[in-house]
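Enquirer: The structure's right below; bear with me while I get my questions together.
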Amino acid sequence: MPSMLKEVRDDNSPPQGIQKFAEVVLTNMAVAHDMIIEVRVFQIQQANKHRLPEPDIKINDLIYLATKNLNLPKRRSNKLCPKYIGLFFFFFFF
């Protein structure tokens with residue numbers, strides 16, 4: 001997250017009303033910033049609760065390959081393309 005202003009400078013002391021307004025604005029910005037961080041952490045925790053465990057794939061297992069992010073032949077509807085292709089031997093870990 002970008003850094004925020006932490007204080008109001010006292011170079012040429014502004015009128016009292018402006019000083020109070022600036023302090024209230026800075027306080028509200030700090031509270032909003034903290035709430036955004038808190039909600040972001042909560043969303044990460046909730047997303048990780050519903051995450052599927054990694055598949056247990058070993059070398060020389062037969063696997064299917066999802067076609068979701070593959071470039072398939074043109075002039076063919078995605079709806080009619082197979083969702084998975086395979087069976088392939090799994091022989092390499094990154």
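Enquirer: Looking only at segment 46-60, count how many residues are of a type in the set (D, E, K, R), modelled with pLDDT of 90 or more and in a loop (DSSP other than H, G, I, E, B).
Expert: The qualifying residues number 1.
Enquirer: For segment 1-45, give me each residue that is under 15 Å from the mean Cα position of the chain (by Cα) and at pLDDT 90 or above.
Expert: Those that are under 15 Å from the mean Cα position of the chain (by Cα) and at pLDDT 90 or above: ILE36, ILE37, GLU38, VAL39, ARG40, VAL41, PHE42, GLN43, ILE44, GLN45.
Enquirer: So, LEU65, is that one surrounded by 10 or more Cβ atoms within 10 Å (Cβ to Cβ), aliphatic (A, V, I, L, M), out of contact with any helix residue (DSSP H, G or I) (no Cβ under 6 Å at 6 or more places or on another chain) and not in a helix (DSSP H, G or I) or not?
Expert: Judged against the criteria, LEU65 is a match.
The values are calculated or read from the model by the stated rules, or taken from the named source; none is laboratory data. In this text, all values refer to a predicted model and were calculated from it rather than measured experimentally. Cβ: placed from backbone, ideal geometry, glycine included. Neighbour counts: every protein chain shown.
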